[in-house]
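Take a look at the structure below.
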Amino acid sequence: MFMDNSFFSGVTVLDALRENSIDIAEESLLQLKYDPASVWGYIEVHIEQGPVLEWVGFPLGVVQGIAGQTRLKVTVRGSQGHAGTVPMSMRQDPMTAAAELIVLLERLCKHPKDFLSYDGRSNCSTLESLSSSLVCTVGEISSWPSASNVIPGEVTFTVDLRAIDDAGRETVLYELSNQLYQICEKRSVSCIVERKHDANAVMCDADLSSQLKSASYAALKRMTGATQHEIPVIMSGAGHDAMAMSHLTKVGMLFVRCRGGISHSPAEHVLDDDVWAAGLAVLAFLETHV
Ligand SMILES: NC(=O)N[C@H](N)C(=O)O
């Protein structure tokens, strides 16, 4: 099935392999996967893609865990019409409904405690941990037919929702969809919510993390000659290869400071010295294991 998938391009994985002279059956490809018993662990170094390390003034940080994530596609359908002729009171406008839904999402993710109750689905500690890591984003929106003098017939937008606490993420999604359908009903538009992607949170291995911490101390001492204060331990809101590797083995991650916390932008930048520090930390880590 995987080999016959064409994803976005229309070219199947099998076609792409064959075009590159790799004639392989799906069964043999599956046999290539690692035997968990043969793998000791997985270490990943990545730029932080956020502002924390720069803010605390450290080139390196140890990752405690990676947030779980859900991506939704929300389609809001209303009644397409003429921008000049349909009275405001007679509209079923999916654009204003989408705007209300997006503002609801922001309020829910900024203040989950105002929305979620202390019942069986969410207790006090889940709400605390949720509030600290929950982030929600609408990164794409499109309307049809997308003309300045037309009340749209349909608006589609994406939701990217992340939290370190999987149960909390589910609780937020449950609350979001409840409120979303209520708003759509109130505005006489129809809403379809499709769940496009889910990945559970991954916690880094405590031993690997403490070894990476010691290795980071050693690297920074070697570079600056000074003993560093506590190396920051941070959560990753971004997804990483370590998430996939965690199904196979224990994982550990090191973050490298980036300028302004900017990422997913051409302005993304790291200092050469910080990359050097990360290299020395990995070397120090390896030296304790050979
Ligand atoms: N490291 C990343 O930016 N990973 C993904 N693209 C993500 O978190 O969306």
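The values are calculated or read from the model by the stated rules, or taken from the named source; none is laboratory data. These numbers were taken from a predicted model, which means no experiment stands behind them. Note that we place each Cβ from the backbone using ideal geometry, even for glycine, and neighbour counts take in every protein chain shown. In case anyone asks, the SASA skips ligands and DNA or RNA and just uses the protein heavy atoms, side chains included. Shrake-Rupley method; radii C 1.70, N 1.55, O 1.52, S 1.80 Å.
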Can you work out ³J(HN,Hα) from phi for every residue in the stretch 92-104, in order, using Karplus 6.51 cos²θ - 1.76 cosθ + 1.60 and θ = phi - 60°, giving whole Hz and x for Gly and Pro?
10, 9, x, 6, 5, 5, 4, 4, 5, 5, 5, 5, 4
Just the accessible area for residue 141, please: 1.4 Å probe, Å², rounded to the nearest 10?
100 Å²
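Using a Förster distance of 30 Å, how high is the FRET efficiency between residue 38 and residue 166, based on the Cβ-Cβ distance and rounded to 0.05?
For residue 38 and residue 166, the calculated efficiency is 0.55.
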Peptide ranges 156-168, 78-90, 236-248 listed from the most packed, as the mean C-beta count within 10 angstrom indicates:
156-168, 236-248, 78-90
Between beta-carbons, use under 12 Å as the cut-off and find the net charge around residue 143, counting Lys and Arg +1, Asp and Glu -1.
-2
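Which FRET efficiency value, to the nearest 0.05, is calculated for residue 197 and residue 227 with the Förster distance at 35 angstrom and r the Cβ-Cβ distance?
Efficiency, rounded to the nearest 0.05: 0.20.
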Which lysines, on any chain, are close to residue 196 with Cα under 22 Å apart, when same-chain ones fewer than 8 places away are left out?
73
Measure of exposure for residue 144: accessible area at 1.4 Å probe, Å² rounded to 10, is 150 Å²
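Calculated FRET efficiency, residue 20 and residue 210, Cβ-Cβ r, R0 35 Å, to nearest 0.05? Spell out each step's value before the answer.
Details: r = 42 Å, r/R0 = 1.21.
Computed FRET efficiency for residue 20 and residue 210 comes out at 0.25.
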Using a cut-off of 18 Å between alpha-carbon atoms, which lysines can reach residue 110, once sequence neighbours fewer than 8 places away in the same chain are excluded?
none
On a 0 to 90 degree scale, rounded to 10, what angle separates helix 272-287 from the longest Cα axis of the chain?
60 degrees
Roughly speaking, what is the centre-to-centre gap between the stretch 207-285 and the stretch 179-204 when only Cα atoms are used, to the nearest Å?
34 Å
Normalised Cα Rg of the stretch 68-199, dividing by 2.2 N^0.38 Å with N its residue count, works out at 1.15
So what is the accessible area of the stretch 166-266 per residue, in Å², with the probe set to 1.4 Å?
52 Å²
Two-decimal Rg/Rh across the chain, once Rg and the Kirkwood Rh are taken from alpha-carbon atoms
1.06
Mind checking which lysines have their C-alpha under 26 Å from residue 250, skipping anything on the same chain fewer than 8 residues away?
33, 213
May I ask you to order 253-260, 10-17, 69-76 by the average number of other C-beta atoms within 10 Å around their residues, highest value first?
253-260, 69-76, 10-17
The helix 206-224 Cα axis meets the longest alpha-carbon principal axis of the chain at an angle in degrees, between 0 and 90 and rounded to 10, of 70 degrees
Taking θ = phi - 60°, what integer Hz values does the Karplus form 6.51 cos²θ - 1.76 cosθ + 1.60 yield along the stretch 263-269, in sequence order, with x for Gly and Pro?
8, 6, 7, x, 7, 4, 8
With a point put 7 Å past each Cα toward its Cβ, work out how far residue 83 is from residue 286 in nm, to one decimal.
6.0 nm
Ignoring any ligand, DNA or RNA, what whole percent of the accessible area of the chain comes from carbon and sulfur when the probe is 1.4 angstrom?
55 percent
Simple SL model, points at 7 angstrom along Cα→Cβ for residue 247 and residue 27; separation in nm is 2.2 nm
Per the helix-only model, the chain has a calculated mean residue ellipticity at 222 nm (DSSP H runs of ≥4, -39500 (n - 2.57) each, divided over all residues, rounded to the nearest 500) of -11500 deg cm²/dmol
